[in-house]
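Have a look at the structure below, then the notes.
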Amino acid sequence: MDKYKVVFHIDEQVKVGLTLHNISNLITDIGGDNLEIETVANSDAVQVLVRSNNEFGPMLKELAEKQVVFCACANAMRNLGIQKDELFDFVTVVSSGVGEIVKKQAAGWAYIRP
Amino acid sequence: MDKYKVVFHIDEQVKVGLTLHNISNLITDIGGDNLEIETVANSDAVQVLVRSNNEFGPMLKELAEKQVVFCACANAMRNLGIQKDELFDFVTVVSSGVGEIVKKQAAGWAYIRP
Amino acid sequence: MDKYKVVFHIDEQVKVGLTLHNISNLITDIGGDNLEIETVANSDAVQVLVRSNNEFGPMLKELAEKQVVFCACANAMRNLGIQKDELFDFVTVVSSGVGEIVKKQAAGWAYIRP
């Protein structure tokens, strides 16, 4: 069977916890071997990918070890004054969060916006 | 013509009324015979599918009679201490709300997140 | 290459600014020649397409000149007492905002809900 492919979109910090729990539940339900998951953070939500003072760090690392890809929007980083070396080392910087999401959907990925 | 297929996603109680009105307007616009509609509730929004003290009960029943499918996320039910027998009898429990949405999109369904 | 096609959905006024910046960034990132973009406003967000007292007017016009299509939901207009001649002249009225989004996705468009 082909893997299910899904991109999660977070642009509000208040939705970070819900999104990470959604992803964790999805992996438990369908199985990591049957899934490709990418999470794209833009706007204020990009702050969740900054290493310092981050309550979600352990959960992010655990999901990254399960092959969940995390992307940070370069536009949001510039607006918020965040440098790449402030992000967790497993984060990929993309030139535009919405551009990344559009490309994934064009390639057949499902989209979930918690 | 093939029917339009669409899955609605609600994970906030505050969005329940808007979502139900969106569905009702969609049926009026495109016609129930041309649509397959499923609504997946997870996180706090799963409470709208509980029978007791539910202001949305009449609207939910009316939509269910028009063949709108309502799904409740088992993870959210467990977190909120909701039992299956507390739900409206037309509700389907799914093992994971996001898993259900991913499978629908993989099968070609549109996704709307009010 | 085929153009990327994407429909943006706004149903909250508070999300209008973010959505318009998302669209602007997307055009900068991928290039207007490689994109077809439509923005569907329903519920309260339809008010952003009314000409009077609209802080977003200049940005809307700039995006419309870049071929971004803006649609207003007729149900939302009726609920809010908005007439067609109150809208910017580049706005298209659609019978149902969610119906328009469903049809776009059925035709292969990506969906983004900021």
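In the range A:82-102, the residues that are within 14 Å of another protein chain (Cβ to nearest Cβ) form no Cβ pair under 8 Å with any partner that is modelled with pLDDT under 95 and surrounded by fewer than 21 Cβ atoms within 10 Å (Cβ to Cβ), whether six or more places apart or across chains. Scanning the range B:1-17 for residues that are surrounded by fewer than 23 Cβ atoms within 10 Å (Cβ to Cβ), among the hydrophobic types (A, V, I, L, M, F, W, C) and closer than 20 Å to C:Gln105 by Cα gives a single hit, B:Met1. Would it be correct to say that B:Leu63 is closer than 24 Å to B:Ile30 by Cβ and away from chain A (no Cβ under 14 Å)? Yes.
All conditions in (1) more than 18 Å from C:Glu65 (Cα to Cα); (2) out of contact with any Ser or Thr (no Cβ under 9 Å at 6 or more places or on another chain); (3) modelled with pLDDT of 95 or more; (4) more than 10 Å from every other protein chain (Cβ to nearest Cβ) hold for C:Ala45, with the sole exception of (2).
Within the range B:18-42, the set of residues being surrounded by 22 or more Cβ atoms within 10 Å (Cβ to Cβ) and touching a Cys at 6+ places or on another chain (Cβ under 8 Å) comprises B:Thr39, B:Val40, B:Ala41, B:Asn42. Residue check: B:Val102 meets all listed conditions (1) modelled with pLDDT of 95 or more; (2) over 18 Å from A:Ile30 (Cα atoms); (3) of a type outside the set (D, E, K, R) but one, namely (2).
When residues in the range B:1-35 are screened for being farther than 21 Å from B:Gly97 by Cα and in contact with a Gly (Cβ under 7 Å, 6 or more places away or on another chain), 3 of them pass.
Of the residues examined, A:Phe90 is not one that is modelled with pLDDT of 95 or more, out of contact with any strand residue (DSSP E or B) (no Cβ under 8 Å at 6 or more places or on another chain) and of a type in the set (Phe, Trp, Tyr). Evaluated against (1) within 14 Å of chain A (Cβ to nearest Cβ); (2) of a type outside the set (A, V, I, L, M); (3) surrounded by 13 or more Cβ atoms within 10 Å (Cβ to Cβ); (4) under 26 Å from C:Trp109 (Cα atoms), B:Gly108 falls short on exactly one condition, (3).
Restricted to the range B:63-78, and to residues there that are in contact (Cβ under 8 Å) with a residue 12 or more places away in the chain and loosely packed, with under 15 Cβ neighbours inside 10 Å, the residue that is farthest from B:Val6 (Cα to Cα) is B:Lys66. Note on the range A:10-38: residues that are at the interface with chain B (Cβ under 9 Å from one of its Cβ atoms), free of Cβ contacts under 8 Å to residues at least 24 places away in the same chain and either small (Gly, Ala, Ser) or out of contact with any Ser or Thr (no Cβ under 7 Å at 6 or more places or on another chain) (or both) amount to 2.
The values are calculated or read from the model by the stated rules, or taken from the named source; none is laboratory data. What you are looking at is a predicted structure, and each value in this text was computed from that prediction instead of being measured. Positions of Cβ are backbone-derived with ideal geometry, glycine not excepted, and every protein chain shown enters the neighbour counts.
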